[in-house]
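Where a number appears in this text, it was derived from the coordinates with a stated rule and is not lab data. No experiment lies behind these values; they were computed from the predicted model shown. Neighbour counts run over all protein chains shown; Cβ positions are idealised from the backbone, glycine included.
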Amino acid sequence: MVLITNAHVISPDVDMPNAAVLIEGGRIKDVIAAGAPLPKADSTYDAGGDMVIPGFIDMHFHGGMGCEVTGDNPKAVEIVGEAKLKEGVTSMCPTTLTLPEERLAETLAKVEAYRKAPTGSKVIGTHLEGPYINMECIGAQNPAYVRGPSIEEIRRLKAISPVALVTYAIEVPGSLEFTDGLIQEGILPSCGHTNATFAQFKAGRERGLKRLTHFCNQMTRLHHREIGLVGAGLYDDDVCIEMICDTIHLCPDMIRLAFKVKPLNRILLITDAMEATGLADGNYSLGGLDVVVSDGAARLASNGALAGSTLQFNTALKNVARETGLPLAKIIRTTSLNQAEELGIKDLGRVAPGYVADLAVLDKDFRVKAVFVDGVRKLG
Ligand code: FE
């Protein structure tokens, strides 16, 4: 048994200073309030008053530390998985780009090898971002490999390694039937890189498409005569929105607006991090396209389009706390519980008895001091 003492436990709707967390067999056995007697344990970790929160789940990122998940480096997933742990991310969905099927298959093979023996964050499943997107909302995806939706291709890729979610444009011909196929395969559908109208999205939503990839970025803007997908994200209470809270992809006012109008159980913080994450400004690439990172903002060298972020997950939470002023016990569900619920995982996302002991210890400035994965201290 492991005992974490002097813990400021923050979990959805829970804020317990001076608490303790008892871990047994990789799961949380008890959360002990201040003043209650502490049980004996085999080892103790003194959190020193720091926050003990559920480990983050990052459902959308492409790389970090100079590596791209879809890149040539055979150790890319391992390097990024270990770097994610330093941000407090304990589970993740490595994310691909618009690439040929052979390249996606190679990436899934790499993810699968790591998934079986993770040295850092655990893999839930891969996020396929593209290739079935709209050319007019290409962003930093490679137009050379955009194609129409194919559930057969998804089945072939899923046979290599679990696919957790697929980002595609619902207005592309065949996408409604493709939505049915994803749901049959147990894969989460997510709409992105799209210029769908509100009505087109509604047709998808009626088939089970209830998620928007990097909300506001590369999607139909809100217009007063056509509220588009930004309108859908804000209006539809059952639609989950991914948010890149780096204050670049979404300005602070948009962060505040979304947190004001959306039910908090429908917001998913993500990083959308690319390979420059954790490194200095300079020249990098994304899916084979040249990218320049300046003041932490990654943009395509060719046209200045945003090309992923250099955001680290703990900083995303810090930004949301600062910009919204909401209590941490409220916003903390946007970093892991909502993700777990969406993916149908019932024992992740809370610091509560019975839940997997995936925990991050953060100081007052949101720096990661320690991380526990399955009850084992991996960092700190
Ligand atoms: Fe994207």
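Which whole-Hz couplings ³J(HN,Hα) result when phi for each residue of region 8-18 is put into the Karplus expression 6.51 cos²θ - 1.76 cosθ + 1.60, θ = phi - 60°, listed in order with x for Gly and Pro?
Ordered by residue, 3J(HN,Hα) equals 8, 6, 10, 9, x, 6, 10, 9, 10, x, 6 Hz.
Lys and Arg at +1, Asp and Glu at -1: add these up for the other residues within a Cβ distance under 12 Å of P149 and post the number. If you can, show how the numbers build up before the last one.
Numbers: positive: R147; negative: E152, E153, E171, E177, D180.
Taking every Cβ under 12 Å from that of P149, the sum is -4.
Looking at the chain from every direction and averaging, what is the projected area of its Cα convex hull in nm²?
Values: hull surface 69.4 nm².
Over all viewing directions, the chain projects a mean Cα-hull area of 17.3 nm².
Using 0.36 nm times the number of residues separating V376 and L38, minus their current alpha carbon distance, what extension gain do you get? List each step's numbers first, then the result.
Working: separation 338, 0.36 × 338 = 121.68 nm, distance 1.97 nm.
Contour length minus the Cα-Cα distance gives 119.7 nm.
I'd like the orientation of helix 101-116 relative to the chain: the angle between its Cα long axis and the longest Cα principal axis, in ° from 0 to 90, rounded to 10.
Orientation of helix 101-116: about 10 degrees from the principal axis.
Once the other residues with Cβ under 14 Å from the Cβ of R367 are scored (Lys, Arg +1; Asp, Glu -1), what is the net sum?
Numbers: positive: K86, K318, K364, K369; negative: D50, E87, D363, D365.
That sum, taken over residues with Cβ under 14 Å, equals 0.
What is the distance, in nm, between label points placed 7 Å from the Cα along the Cα-to-Cβ direction at A144 and at A159?
Between A144 and A159, the label points sit 2.7 nm apart.
Using a Förster distance of 41 Å, how high is the FRET efficiency between D46 and K75, based on the Cβ-Cβ distance and rounded to 0.05?
It comes to 0.75.
Could you work out how far apart the two model spin labels at R27 and E102 are, taking each label as a point 7 Å from the Cα in the direction of the beta carbon, and quote it in nm?
Distance between label points: 4.7 nm.
Considering only C-alpha atoms, what is the centroid distance from region 12-44 to region 232-295, in Å?
34 Å
Show me, for region 24-33, the HN-Hα J-couplings you get by feeding each phi into the Karplus relation (A = 6.51, B = -1.76, C = 1.60, θ = phi - 60°), rounded to Hz, glycine and proline as x.
9, x, x, 10, 6, 9, 7, 10, 9, 6
Please give me the summed charge of the neighbours of A19: other residues whose Cβ is under 15 Å from its Cβ, Lys and Arg +1, Asp and Glu -1. Before the final figure, lay out each step's value.
Numbers: positive: K29, R350; negative: D13, D15, D30, D46, D50.
Result for the local shell: -3.
Which ³J(HN,Hα) values in Hz, rounded to whole numbers, follow from the phi angles of region 303-316 under the Karplus curve 6.51 cos²θ - 1.76 cosθ + 1.60, where θ = phi - 60° and Gly and Pro get x?
9, x, 5, 4, 10, x, 10, 10, 6, 9, 4, 5, 5, 4
With a point put 7 Å past each Cα toward its Cβ, work out how far E112 is from R367 in nm, to one decimal.
4.2 nm
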